[in-house]
1. Using a simple spin-label model with points 7 Å from Cα along the Cα→Cβ vector, what separation in nm is obtained for residue 32 and residue 79?
2. Expressed as a whole percentage, what fraction of the accessible surface of the range 17-95 belongs to carbon and sulfur atoms when a 1.4 Å probe is rolled over the protein heavy atoms?
3. From the C-alpha gyration tensor of the chain, pull out the three semi-axes of the equivalent ellipsoid (sqrt of 5λ each), sorted largest to smallest, in whole Å.
4. Placing +1 at every Lys and Arg Cβ and -1 at every Asp and Glu Cβ, with all other atoms neutral, what dipole size does the chain have around its Cα centre, in debye to the nearest 20?
5. List the aspartates and glutamates whose alpha-carbon lies under 15 Å from that of residue 98, not counting same-chain residues fewer than 8 positions away?
6. Which of 78, 39, 90 sits closest to the plus end of the dipole of the chain, meaning its Cα is farthest towards the positive end, when Lys and Arg get +1 and Asp and Glu get -1 on the C-beta?
7. Near residue 26, within a Cβ-to-Cβ distance under 11 Å, what is the net charge of the other residues, with Lys and Arg +1 and Asp and Glu -1?
8. Would you list, by chain and number, the lysines whose Cα falls below 25 Å from the Cα of residue 32, excluding same-chain residues fewer than 8 positions away?
Amino acid sequence: MYLADSRSPASITCSTVELNAMPCLPYAEGDKPTIDPKCCTGLQNLVATATSKNDKVTTCHCLEDAFQKFPAIQDQYMKAIPNLCNVTVPFPLSKEMKCDK
């Protein structure tokens, strides 16, 4: 379970998360057969920026909200992105992700 600590606010914003994640959208929706290198760069930036527990929780919630805005995202592609980018993320990427569990 991810619980935010109210004493240390997150330094990352949803705007930052969305900006870094947007290059992943064409692959995640199945529109492009290969992943854009900008997607991997964005994911690496998010992992490097979201270092505190609050940052990770905020990032998760921002992605969770963003996934709901794009119904064409396909889980098999979304789940593959961290491996394709050789990036370890602190939570599974999925359209069905639940950050509060």
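The values are calculated or read from the model by the stated rules, or taken from the named source; none is laboratory data. These figures come from a predicted structure and were not determined experimentally. Note that each Cβ is placed from the backbone with ideal geometry, even for glycine, and that neighbours are counted across all protein chains shown. When the accessible area is computed, the model is the full protein with side chains, heavy atoms only, and any ligands, DNA or RNA have been set aside. Shrake-Rupley method; radii C 1.70, N 1.55, O 1.52, S 1.80 Å.
1. Going by the 7 Å Cα→Cβ label model, 2.3 nm.
2. In the range 17-95, the share of accessible area belonging to carbon and sulfur is 56 percent.
3. Numbers: eigenvalues 100, 39, 26 Å².
For the chain, the semi-axes come out at 22, 14, 11 Å.
4. On the way: 10 positive and 11 negative charges, 40 e Å.
Roughly 200 debye for the chain.
5. 64, 65, 75
6. Of the candidates, 90 comes out farthest on the positive side.
7. On the way: positive: 32, 38; negative: 29, 31, 36.
Net charge in that neighbourhood comes out at -1.
8. Within the straight-line limit of under 25 Å, residue 32 reaches these lysines: 69, 79, 95.
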